[in-house]
Amino acid sequence: MLEHYHGKKVLITGHTGFKGSWLSLWLHKLGAEVYGYSQIPHTIPSLYHTASIELLVNSKYADISDLTALSEYIYKIKPDFIFHLAAQALVSDSFIDPIRTWRVNLMGTVNLLEAMRIVDCTCSVLLITSDKCYRNKEWEWGYREEDELGGSDPYSASKACCEIAIRSYSETMLLNSNNVRIASARAGNVIGGGDWSKDRIVPDCMRNWSVNRPTVLRNPLSTRPWQHVLDPLYGYLLLASNLESNERFNGSSYNFGPSDNSDHSVKELVKMLSRSWPDSKWESANKASEVKESNLLKLACDKARKDLGWKSTLNFEETADWTSSWYRRYYEGGTAYSLVSSQINKYMHLISL
Ligand SMILES: NC(=O)c1ccc[n+]([C@@H]2O[C@H](COP(=O)([O-])OP(=O)(O)OC[C@H]3O[C@@H](n4cnc5c(N)ncnc54)[C@H](O)[C@@H]3O)[C@@H](O)[C@H]2O)c1
């Protein structure tokens with residue numbers, strides 16, 4: 001399935017971000033011609049710069065809210081695939097600037113869908129939303145693709161609305177297009193080397209531990225579906241290639257989460273990460289974070305398993321080890337490009353077994 005990307009034109013929105021950088025490098029390895037449409041990286045350092053992703057991708061730095069620029073770029077490239085990852089991706093920032101969050105996440109998605117309607121080139125478009133698009137009922141069991149949508153905080157709510165917009169375009173505006181196929185993907189909390197976003201537990205730990213500072217855990221008991229970045233990216237690659245080859249995937253949505261027993265608390269994750277950092281320390285915050293986040297969120301991934309043959313390849317321990325050792329080696333002088341590249345090679349070997 002992955003050989004399918006060889007020689008194809010692939011546009012990634014959000015290619016300068018954490019997931020986008022990993023995906024760019026992976027697609028480049030697969031022999032795709034990779035294009036990107038994003039803003040410049042918002043973190044210092046960034047994986048995009050440290051791994052020299054800009055050398056592998058034809059990049060356009062522009063705003064996803066600019067429909068004219070986006071449509072013109074898509075018209076110029078006429079990509080075979082689009083992976084839409086551009087977003088304001090932090091829950092904490094969605095409280096600070098809800099309007100930007102809604103504009104980038106919802107209107108950015110609508111702009112892309114509208115650009116596809118206008119350009120109408122033959123293209124399979126995978127839109128990345130989030131596990132947070134579901135109405136969180138703090139259930140013990142996983143949410144399925146048909147469950148109710150509707151997050152509470154501005155980020156989650158914007159992602160739920162993206163799903164509604166995608167369905168609307170699929171059922172009406174793009175219904176009669178013979179060229180454009182669309183699907184959405186919902187993944188959980190993704191970790192891996194090279195994320196330096198603020199207010200995320202892994203980057204917080206790595207930044208602090210690399211200078212021998214303790215990390216403060218804001219919500220140590222919160223449970224998240226942690227997964228290594230390569231696991232959902234593999235799901236995205238499988239889904240998009242199926243979308244291209246089989247019409248029945250048009251208008252579909254898929255969850256990509258860790259295996260059922262892989263939901264662990266923040267504290268358990270930090271403990272596991274600390275194995276690569278012998279002197280690491282952490283402490284619980286005196287009071288819980290003021291940012292209201294759900295405590296329990298699981299995804300049911302049977303549909304991806306059945307239709308795509310996808311399941312998480314890395315278990316919780318491997319996910320934490322691959323992540324933590326990536327940063328450890330990076331801070332010891334390893335090059336980000338080689339670290340990402342060798343983990344992708346190792347992952348491709350595992351999925352080929
Ligand atoms: N990282 C996670 O744990 C996680 C979990 C679930 C879903 N997601 C989703 O996956 C996608 C990628 O997440 P990430 O962690 O790589 O995020 P990130 O913050 O690292 O990257 C976001 C990307 O979007 C781009 N972007 C932001 N505003 C833009 C704008 N106005 N115009 C054009 N580009 C813009 C940025 O330049 C960057 O390339 C997002 O849609 C996010 O919501 C992430």
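Just to be sure before I move on: is ALA69 in contact with a Cys (Cβ under 6 Å, 6 or more places away or on another chain) and either in a helix (DSSP H, G or I) or over 23 Å from PRO232 (Cα atoms) (or both) in the structure I sent? Criteria not met by ALA69.
Residue-wise test of (1) crowded, with 19+ Cβ neighbours inside 10 Å; (2) more than 6 Å from the ligand (Cβ to nearest atom); (3) within 23 Å of CYS121 (Cα to Cα).
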{"position": "LYS9", "(1), (2), (3)": "no, yes, yes"}
{"position": "TRP26", "(1), (2), (3)": "yes, yes, no"}
{"position": "LYS29", "(1), (2), (3)": "no, yes, no"}
{"position": "VAL34", "(1), (2), (3)": "yes, yes, yes"}
{"position": "PRO41", "(1), (2), (3)": "yes, yes, no"}
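Candidates LEU238, LEU221: the one that is surrounded by 18 or more Cβ atoms within 10 Å (Cβ to Cβ) and either acidic (Asp, Glu) or not in a strand (DSSP E or B) (or both) is LEU238. When the residues of the stretch 240-267 are filtered to those that are aliphatic (A, V, I, L, M) and in contact with a Leu (Cβ under 6 Å, 6 or more places away or on another chain), the one that is nearest to LYS132 (Cα to Cα) is VAL266. Going by the structure shown, is TRP226 within 19 Å of the chain's Cα centre (by Cα) and modelled with pLDDT under 95? The answer is yes for TRP226. Counting only helices (runs of 4 or more DSSP H) that sit wholly inside the stretch 84-128, those with at least 1 residues that are of a type in the set (Val, Ile, Thr) and under 23 Å from VAL34 (Cα atoms) are 108-119.
The sole residue among SER59, SER124, SER52 that is modelled with pLDDT of 95 or more, closer than 29 Å to ASN176 by Cβ, more than 9 Å from the ligand (Cβ to nearest atom) and of a type in the set (Gly, Ala, Ser) is SER124.
Look at (1) part of a loop (DSSP other than H, G, I, E, B); (2) away from the ligand (no atom under 16 Å from the Cβ) and you find that ARG167 fails only one, number (1).
Under the condition of being of a type in the set (Lys, Arg), surrounded by 15 or more Cβ atoms within 10 Å (Cβ to Cβ) and either within 15 Å of the ligand (Cβ to nearest atom) or at pLDDT below 95 (or both), the residues counted in the stretch 170-200 number 2. In this entry, CYS123 passes the filter for residues that are out of contact with any Cys (no Cβ under 8 Å at 6 or more places or on another chain) and either at negative phi or without any contact (Cβ under 8 Å) to a residue 24 or more places away in the chain (or both). Within the set LYS137, LYS132, the sole residue that is crowded, with 18+ Cβ neighbours inside 10 Å and modelled with pLDDT under 95 turns out to be LYS132.
Of all residue pairs spaced 6 or more apart or on separate chains, those with beta-carbon atoms under 6 Å, a first member in the stretch 326-353 that is modelled with pLDDT of 95 or more and a second member that is of a type in the set (D, E, K, R) are LEU339/ARG329. Annotation note: Cβ proximity below 9 Å between a residue of the stretch 37-55 that is more than 18 Å from VAL340 (Cα to Cα) and in contact (Cβ under 8 Å) with a residue 12 or more places away in the chain and a residue that is of a type in the set (Ser, Thr, Tyr) and in a helix (DSSP H, G or I) (sequence gap 6+ or interchain) occurs for TYR37/TYR73; SER38/TYR48; ILE40/TYR48. Applying the criterion of being aromatic (Phe, Trp, Tyr) and within 25 Å of LEU239 (Cα to Cα) to the residues of the stretch 76-119, the residue that is farthest from the ligand (Cβ to nearest atom) is PHE81.
Only residues that are under 24 Å from ARG186 (Cβ atoms) and either more than 18 Å from the chain's Cα centre (by Cα) or among the basic types (Lys, Arg) (or both) were counted in the stretch 37-73, giving 2.
The values are calculated or read from the model by the stated rules, or taken from the named source; none is laboratory data. Just so you know, these numbers come straight off a predicted model, no measurement behind them. Cβ sites come from the backbone with ideal geometry, for glycine too, and all protein chains shown count toward neighbours.
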